[in-house]
Amino acid sequence: MEIPRHWRLQKQRYGLVGEICPHCSAKIFPARDVCPECGGEAKEPFRFSGKGSIYSYTVMNNAPVGFERGLPYTIALVKLDEGPTVTAQLTDLGANKVEIGMPVQMVTRRIKEDGDERGMLIYGYKFRPVMG
Amino acid sequence: MAEKEKGSLLLKTIRPVGIVGYGAYIPQYRLPAAEIARVWGQSEKAVPIKEKAVPGLDEDTITIGIEAARNALARADIDPELIRAVWTGSESHPYAVKPSSTIIAEAIGTSPHIQAADLEFACKAGTEAMVMAIGLVGSGMGDFALALGVDTAQGKPGDALEYTAAAGGAAFVIGPAEIALVEIISTYSYVTDTPDFWRRAYQRYPEHGQRFTGEPAYFKHMHTAAQTMMDESGTSAQDYTYAVFHQPNSKFPRSAAKKLGFTDEQIKTGLLSPVIGNTYAGASPVGLTAILDEAQPGDRILMVSYGSGAGSDALDLRVTDRIAERRHAAPTTAEYIARRIEIDYATYTRYRGILQTR
Amino acid sequence: MEKVYIAGIGQTAVGELWKRSLESLSNEAIQGALKEAGKPEVDALYAGNLLASAASSQANLGVKIATNSGLDGIETMTTEAGEASGAAALRLGYLAVRSGYVRTALVVGVEKYTDIVGSSVENVISQTMDYDFEAMQGLTPLGQAGLLMARYLDSYHPPREALGALPILAHANAINNPYAMYRRAISTDAYHKAGLVCDPLNLYDAAPYADGAAALLITSDEKLSQTAEKAPIEITASTSTIDALALHDRPDALAFSAVTISVQKALARAGVSWSEIDLFELWDAYSIFGILSVEACGLAAHGEGWRWLAEDDHSPKGRLPLVTMGGNKARGFPLGAAGVYQAVEAVQQLRGEAGANQVDGAKTAMIQAMGGPASNVITHIFSKL
């Protein structure tokens, strides 16, 4: 069981909470100890809007343990409107044809269970085509 | 300040309270009732609804609740840290022990200084959460509380309820009436010990009392709650622009409405079960969100839930002037319903974990 | 500073070696290298490996390997740098010998990915990524390559089948490598029709994970290098450079900037230019890695790497021979051992022992290994004395 490591990342995963650098105002995701833009110490939380666009994507046909249930699934590099890029699954694709540059929005979904059906449920960000 | 009349059965707050934000979420997958009928060799003509909403592989009561709550917060336009309670009503909480509400609270960014708990009262757990939130804000204990009614209902394969057991939910930010989109005039609840439907511990699917679920259960409680609410308020069906009732299928709410004197025109906006199924704790709450998407200031709304076991909560509501400016801050319920992907029964068994893979 | 020579090489056949253990594979490679060098006294053993801790539940692997091979009382350490673990062991050995603290060392790359089966194989291989923010989304290294190829195709619009040039070359070269896993050619047509494994990546774009061990005997002892059965080879450059672990943390995912830095430093260290490199064992874990690598090396402009690979001759008789013994794609990809296989193959070329794939008059070879998608790039240059 990996309870502690998932627990400490819940805010980041559930709500796409990263940081804003107090020195250079760079928006950072995922959170880290040193700002990648200016090298200053970064620890001010920042909640991202969840809006972004697809930088690249691929379709997974083989999955690690815990992800088999969702096969095949699409993973994308999503460029957030605020700057950083995140790796995330796309969901609710339906008949939408995924394209690089396509606008997407963050939703919080079930990512996997820790171990088997007795393990904790891990929730986190995914992205879907913008509604409407 | 609303004042409780002596001897009245109505629940009224000390401080005027309203709904300051509302939001819904409905998964995009639809299983047509005709498809279920095909699998079980039943008549496609006798099905209770057109189709039901089915959650995707990565959806559950918590994820549905999170999106509905985010929509409610967007319309409320308040800092989530002002919320003082998160209560989630559902009979399909992903954990048997471990609250859904804490996960939803963390996801939407409340502070840790809140009340949080999950509620279970079959299909009325959502409205019970609303009444609790109304009580918390109305007493002055706190300014804002979040109430949710969400379900990913379980229908036993081959059972009559499989046609309707659906997924969806709604969330309401309850707050001071001054900034509300909807004023809460009063509430009233009617509860008895009536075993019409239940699920024992460790059982996968619920059991129900067939025709016993009708007259002594649904109709008795719905009618009593609605009629008492109107009698005590001095109103009749004509005083309401809209009414939304618990909707386990297409027929029950129509019959209940007719008997109470409501027209099809009054109930059609909030009657979603024909196209999304019975979302259990989410049923009348999601119906209310569809009404709020189109209601005009001054419109009066009667909402009555029904939860097996059994009881009904009635809420007397009046739309305020603020509705027009906040309504567009989140997707409408109709937009979620329009986002439709039809699935077959085999896909349904996979999505719902009925198809055993381990 | 001491000069560092390679006085012996050894390798096992690459494949799914169900019956073999980590230490048995290692021993076969070790004995080969020791024998070539006349069984000298060994001071240290540096083992490069990626999966043993997770797939074989074995940490402190170097001790297990050394003990099994009867190398008691020596120094040993195990290096882990993702799929570049073997190259990292070589670099560690190089630093140790060059410093003078160690006179003669064995460098062993070993991988045993078939100790486990099922989906958990994907989990242990996915350890090379950022666990919290890549692997936890269900991504695997194959998926990373898929993301890179999709972006590349979208950015530069090369003909899709042109991306097959490197795998096709690798398979053609592996025919003549007795240690290779796939000793058969693939046609452009077969490449074009191959099933997608990670859209747009197809079956032939990905090197097959495999078991295997390779070993080098390195020494600063000039006399030993001369008395060895084979002509000595000098390691003239060894560099290591990192990029962000996660693809999403890089300003330009297609840049492979660690390759650029690692290669520039290596060329400067060896005092040679590209025109003096006679063969280049580049990192073809995925075809797209090879394309991005040659672009980052400056061999082709950005967006032109596919053309450089497809339109120029890179066979052993060509202008700049690549993956001369089959590369990871066709020799097989024993992950943490692959960097040492590259070294063994470069030594074969420099000694003139590459058989039908011999690069005529090869004097200088560059080898390059990557952990992840160029998250960790280790480049070495070898020269024939």
Notebook entry, point to check: Out of curiosity, is residue C:284 among the acidic types (Asp, Glu), closer than 20 Å to residue C:175 by Cα and over 18 Å from the mean Cα position of the chain (by Cα)?
Noted result: no
Notebook entry, point to check: Which one of these does residue C:47 not meet: (1) touching a Ser or Thr at 6+ places or on another chain (Cβ under 9 Å); (2) of a type in the set (Gly, Ala, Ser); (3) in a helix (DSSP H, G or I)?
Noted result: (3)
Next item on the list: Kindly check whether there is at least one residue in segment A:62-71 that is touching a residue at least 12 places away in the same chain (Cβ under 8 Å) and among the polar types (S, T, N, Q).
Entry: no
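Okay, residues lined up against (1) part of a loop (DSSP other than H, G, I, E, B); (2) touching a helix residue (DSSP H, G or I) at 6+ places or on another chain (Cβ under 6 Å); (3) more than 30 Å from residue A:69 (Cα to Cα):
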{"site": "B:270", "(1), (2), (3)": "yes, yes, yes"}
{"site": "B:295", "(1), (2), (3)": "yes, no, yes"}
{"site": "B:313", "(1), (2), (3)": "no, yes, yes"}
{"site": "B:321", "(1), (2), (3)": "yes, no, yes"}
{"site": "B:348", "(1), (2), (3)": "no, no, no"}
{"site": "B:355", "(1), (2), (3)": "yes, yes, no"}
Item checked: Filter result (in contact (Cβ under 8 Å) with a residue 24 or more places away in the chain, farther than 18 Å from residue C:40 by Cβ and assigned to a loop (DSSP other than H, G, I, E, B)) within segment C:57-114 -> C:58, C:80, C:82, C:84, C:112
Check: Looking at (1) surrounded by 21 or more Cβ atoms within 10 Å (Cβ to Cβ); (2) in contact (Cβ under 8 Å) with a residue 24 or more places away in the chain; (3) among the hydrophobic types (A, V, I, L, M, F, W, C); (4) within 13 Å of chain C (Cβ to nearest Cβ), can you tell me which one residue A:26 breaks?
Finding: (1)
Checklist line | Matching option when the condition is within 14 Å of chain A (Cβ to nearest Cβ), over 17 Å from the mean Cα position of the chain (by Cα) and either under 18 Å from residue B:278 (Cβ atoms) or not aromatic (Phe, Trp, Tyr) (or both), among B:30, B:38 | finding: B:30
Margin query: On the basis of being polar (S, T, N, Q) and either in a strand (DSSP E or B) or surrounded by fewer than 24 Cβ atoms within 10 Å (Cβ to Cβ) (or both), does residue C:379 make the cut?
Written below: yes
Checklist line | Qualifying positions in segment B:111-132 - surrounded by 19 or more Cβ atoms within 10 Å (Cβ to Cβ) and acidic (Asp, Glu) | finding: B:118, B:128
Note to self: One residue is enough: does segment C:115-134 have a residue meeting the conditions away from chain A (no Cβ under 14 Å), under 29 Å from residue C:44 (Cβ atoms) and in contact (Cβ under 8 Å) with a residue 24 or more places away in the chain?
What the structure shows: yes
Item checked: Checking residue B:266 against (1) among the polar types (S, T, N, Q); (2) more than 14 Å from every other protein chain (Cβ to nearest Cβ); (3) surrounded by fewer than 19 Cβ atoms within 10 Å (Cβ to Cβ); (4) assigned to a helix (DSSP H, G or I), the condition it does not meet -> (3)
Next item on the list: Scan segment B:340-358 residue by residue and report those that are of a type in the set (Ser, Thr, Tyr) and surrounded by 12 or more Cβ atoms within 10 Å (Cβ to Cβ).
Entry: B:345, B:347, B:348, B:349, B:351
Next item on the list: Just name the residue that is surrounded by the most Cβ atoms within 10 Å (Cβ to Cβ) out of those in segment A:1-23 that are in contact with a Pro (Cβ under 7 Å, 6 or more places away or on another chain) and not charged (D, E, K, R).
Entry: A:18
Checklist line | Contacts under 6 angstrom Cβ, first residue in segment B:223-234 being touching a residue at least 60 places away in the same chain (Cβ under 8 Å), partner assigned to a helix (DSSP H, G or I), 6 or more apart | finding: B:226/B:260
Checklist line | Scope segment C:322-353; condition surrounded by fewer than 24 Cβ atoms within 10 Å (Cβ to Cβ) and over 16 Å from residue C:216 (Cβ atoms); matching residues | finding: C:352
Item checked: strands (runs of 3 or more DSSP E) (entirely within segment A:32-119) containing at least 2 residues that are at pLDDT 90 or above, surrounded by fewer than 17 Cβ atoms within 10 Å (Cβ to Cβ) and away from chain C (no Cβ under 14 Å) -> A:44-47, A:103-113
Next item on the list: Quick one: count up the residues across segment C:142-173 that are at the interface with chain A (Cβ under 8 Å from one of its Cβ atoms) and free of Cβ contacts under 8 Å to residues at least 60 places away in the same chain.
Entry: 4
Next item on the list: Could you identify the single residue in B:127, B:110 that is under 21 Å from residue B:17 (Cα atoms) and within 14 Å of chain A (Cβ to nearest Cβ)?
Entry: B:110
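If you take the residues of segment B:115-127 that are part of a loop (DSSP other than H, G, I, E, B) and among the charged types (D, E, K, R), which of them is farthest from residue B:168 (Cα to Cα)? Can you show your working first?
The first filter runs over segment B:115-127 and keeps only residues part of a loop (DSSP other than H, G, I, E, B), leaving B:120, B:122, B:124.
Next, from what is left, pick out any that are among the charged types (D, E, K, R): B:120, B:124.
Details: B:120: 16, B:124: 14 Å.
Checking each candidate, the answer is B:120.
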Check: Restricted to segment C:194-227, and to residues that are away from every other protein chain (no Cβ under 14 Å) and among the charged types (D, E, K, R), which residue is surrounded by the fewest Cβ atoms within 10 Å (Cβ to Cβ)?
Finding: C:223
Check: Any chance segment B:28-46 includes a residue that's under 25 Å from residue B:175 (Cβ atoms), in contact (Cβ under 8 Å) with a residue 60 or more places away in the chain, touching a Gly at 6+ places or on another chain (Cβ under 6 Å) and in the same structural domain as residue B:334 (by TED's automatic domain parsing)?
Finding: no
Note to self: Residues that are outside the structural domain of residue C:260 (by TED's automatic domain parsing) and farther than 27 Å from residue C:350 by Cα: list the strands (runs of 3 or more DSSP E) wholly contained in segment C:184-246 that include at least 3 such residues.
What the structure shows: none
Next item on the list: Check segment C:221-242 and report whether any residue there is touching an Asp or Glu at 6+ places or on another chain (Cβ under 6 Å), within 26 Å of residue C:377 (Cα to Cα) and among the hydroxyl-bearing types (Ser, Thr, Tyr).
Entry: no
Check: When segment A:59-85 is examined, which residues are found to be among the β-branched types (Val, Ile, Thr) and more than 28 Å from residue A:117 (Cα to Cα)?
Finding: A:78, A:85
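The values are calculated or read from the model by the stated rules, or taken from the named source; none is laboratory data. Model, not experiment: these values are computed from the prediction. Don't worry about glycine lacking a Cβ; one is built from the backbone with ideal geometry, like all the others, and counts go over all protein chains shown.
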